[in-house]
Structures are given as C-alpha cells and as structure tokens.
Amino acid sequence: MKNVRIIPALPKKNKKLKVAAYCRVSTSGPEQLRSLEIQIKTYTKMIKNHPYWIFAGVFYDIESGLRRSGRTGLDKMLKKAAKGKIDYILTKSISRVSRDTLRF
C-alpha cells in the first residue's frame, strides 16, 4: 500500500485593514463635547484592540450635519481614504457624516 502524505493548504494571510473613525457633534456645549470625547476614546480603543485592524486615526468635527463647509476633520479623512491610507471607516450613524447622503 502506498503512503499518502497530506499537505494542508497554507491559510491565506489575513490582510489587516487600515481603519479610521469619524465623529461629529453639532455644538460645542459641555454635553456635546463630553459625548465627542467619549466617542473618540471608544473608537480609538476599539480599533487599536482589534487584531486585524491598523489604527488610521479618529477624525472629528464640531459642526452641523446640514452643512458640508467647515468640516475639516471629514475632509482630512476623505483625502486620506482617497490616497488608500484608510480601508474602512467606522461612525455612529450615517447622519454623523451627512444628513443628506444623496447630495454628498
């Protein structure tokens, strides 16, 4: 009888994703600023503790979701993503990015 040697396939390497987060509050009131601080800390910890994610930053703005102008954090994040430096973006809600996603 012939000896059969089974050579298992090598598992594909899990490519780590470059992950960023976007946070936004609409006013600079104390409660809103506290919420922003909590969001930033939470996303930073979440991304850094995930075994297959590389921290690509947490971007934020203190601006209304109705206006696109003045959202420097969003602009920086989108430029970084366009350069391939971000693979995946986390946000609490799509309304954090824009209230009018059809016009975005």
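For this structure, a couple of remarks:
- P(r) tail fraction, region 17-97 - alpha-carbon pairs more than 20 Å apart, %: 30 percent
- Going from the fewest other Cβ atoms within 10 Å to the most, the residues Asp61, Asp75 appear in the order Asp75, Asp61.
- Residue order, fewest to most surrounding Cβ atoms within 10 angstrom, among Glu31, Glu63, Glu37: Glu31, Glu37, Glu63
- Near Leu90, the amide H atoms lying under 5 Å from its own belong to Ala20, Ala21, Tyr22; only residues 5 or more places off or on other chains count, and H is placed 1.01 Å from N.
- Fully extending the segment from Phe55 to Ile38 would add 4.4 nm, taking 0.36 nm per residue of separation and subtracting the current Cα-Cα distance.
- Nearest-20 debye value, region 17-97 charge dipole, Cβ charges on Lys, Arg, Asp, Glu: 240 debye
- The label point for Lys85 and the one for Asn3, both projected 7 Å from the Cα toward the Cβ, are 5.5 nm apart.
Values quoted throughout were computed directly from the atomic coordinates according to the rules given, and no laboratory measurement underlies them. These numbers come from a predicted model, not from an experiment. Counting neighbours? That spans all protein chains shown, and the Cβs are built from the backbone with ideal geometry, glycine included.
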